[in-house]
Protein chains: 2
Amino acid sequence: MITLHDKVYTCPVDVSLRFISGKWKILILFNLFHFEKRSFSELRDNLPGVAEKVLTQQLKELEKDNMIGRRILSEKPLRVEYFLTEQGISMSPMYEFLSKWGIAYLEKNGIDYIQDQHLYK
Amino acid sequence: MITLHDKVYTCPVDVSLRFISGKWKILILFNLFHFEKRSFSELRDNLPGVAEKVLTQQLKELEKDNMIGRRILSEKPLRVEYFLTEQGISMSPMYEFLSKWGIAYLEKNGIDYIQDQHLYK
DNA sequence: AATTAATTACTTACTTTTTTGTCATCACAC
DNA sequence: GTGTGATGACAAAAAAGTAAGTAATTAATT
């Protein structure tokens, strides 16, 4: 029997959730969806509040889960670039939907909102 | 300034996430989306592994956030019914997407999957 | 008919687990 | 000295789980 992390699923939603659960994951994915590729520090600066350690963790999990890819740009002073894989891209309708839903919610309820295309969070 | 939980948002995705973050929330919403209305014990039995305490908590938060409604069917032996509010329904494209994405993932990777229309998890 | 058992929707006190965060440190280059 | 992308020990906080108990009623058993 072929299983995903030793578990036989009965609910497909539960399967999807497995890939996006984590405080920063969806924000990271949305960021990469928006900017196509980002370095570690760009991501860090775009996600106010993330600790570097946690960002590294989430990036590693996303990479292991094949949602994002990691490309080394230079070795000596290590420079990397993160981007969405095909699988990561296949979930983009979700990022777009959540973004639209959030905007609609804020507008409907007259809640102040600072639009900053450089900040994600 | 009108704010949402004392915070000025810069990212709409972050706004949406606020309503669905919680181990069981999306599953509860998906369940209600699928079945339209459910009692406390129906939800409990459909979500293998939830503790009643946690289910109560998540339901309360979803209700406070106006994602679900709670209707009392009888007072003496308390009987209630949960259902999606308009706001909860407005997020249904998301539940559907996650469900489809999960199925596609499982099929693409040849992972075994028990289809049980009565179990959500 | 009387007693017991089961069900419903929770609630409470407490423990455990999981997840996050803090802070220091690293090698390397400019 | 600054910036790059990390890693590790440890602490704190958040989330989730365990187990028991509640009131009210219906169902089952004796």
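Among complete DSSP H helices in chain A, none has alpha-carbon atoms stretching at least 27 Å along the helix's long axis together with a mean Kyte-Doolittle hydropathy reaching 0.0. Let me know the mean shielding of B:19-29 by other chains, meaning the per-residue number of their Cβ atoms within 10 Å of its Cβ. Per residue, the average neighbour count from other chains is 2. When accessible surface is computed with a 1.4 Å probe, chains B and A are found to bury approximately 4100 Å² between them, both chains counted. Distances between copies of B:Glu63, taken at a point 7 Å out from Cα along the Cα→Cβ vector and listed shortest first: 4.5 nm. Centre-to-centre, using Cα atoms only, region B:10-64 and region A:1-45 are separated by 20 Å. Cross-link list A:Lys25/A:Lys60; A:Lys25/B:Lys108; A:Lys108/B:Lys23; A:Lys23/A:Lys53: which exceed 21 angstrom alpha carbon to alpha carbon? The pairs that break the limit, which is 21 Å between Cα atoms, are A:Lys25/B:Lys108; A:Lys108/B:Lys23. Simple spin-label estimate for B:Asn66 and A:Val8 gives 4.4 nm between the two label positions (7 Å along the Cα-to-Cβ direction from each Cα). Can you check how the C-alpha radius of gyration of region A:12-108 compares to 2.2 N^0.38 Å, as a plain ratio? Compactness ratio reported: 1.11. Overall, the protein assembly as shown carries a charge dipole of about 440 debye about its Cα centre when +1 sits on the Cβ of Lys and Arg and -1 on the Cβ of Asp and Glu, all other atoms neutral. Summed over qualifying helices (DSSP H, 4 residues or more, each -39500 (n - 2.57)) and divided by its residue number, the protein assembly as shown shows a 222 nm mean residue ellipticity of -15000 deg cm²/dmol. Label-to-label distances for A:Asp45 across copies, nearest first, come out at 5.7 nm, using points 7 Å from Cα in the beta-carbon direction. Note on surface exposure: A:Lys7, B:Lys23, B:Lys76 rank B:Lys76, B:Lys23, A:Lys7 by accessible area, highest first, 1.4 Å probe. Could you work out what % of the accessible surface of chain A is carbon and sulfur, using a 1.4 angstrom probe and leaving DNA, RNA and ligands out of the count? Roughly 50 percent, rounded to a whole number. Rolling a 1.4 Å probe over the heavy atoms of the protein chains gives the protein assembly as shown an accessible area of 54 Å² per residue. From the label point of B:Asn109, set 7 Å along Cα to the beta carbon, how far off in nm is each other copy's matching point, shortest first? Label-point distances to the other copies, shortest first: 3.4 nm. For B:Asp112, the accessible area of its heavy atoms, probed at 1.4 Å with every protein chain present, is near 60 square angstrom.
Against the compact-protein benchmark of 2.2 N^0.38 Å, the Cα-based radius of gyration of the protein assembly as shown scales to 1.09.
The values are calculated or read from the model by the stated rules, or taken from the named source; none is laboratory data. Since the model is a prediction, treat every value here as computed from it, not as a measurement. For neighbour counting, all protein chains shown are included, and Cβ atoms are generated from backbone atoms with ideal geometry for every residue, glycine included. For accessibility, only protein heavy atoms count, side chains too; no ligands or nucleic acids. Shrake-Rupley method; radii C 1.70, N 1.55, O 1.52, S 1.80 Å.
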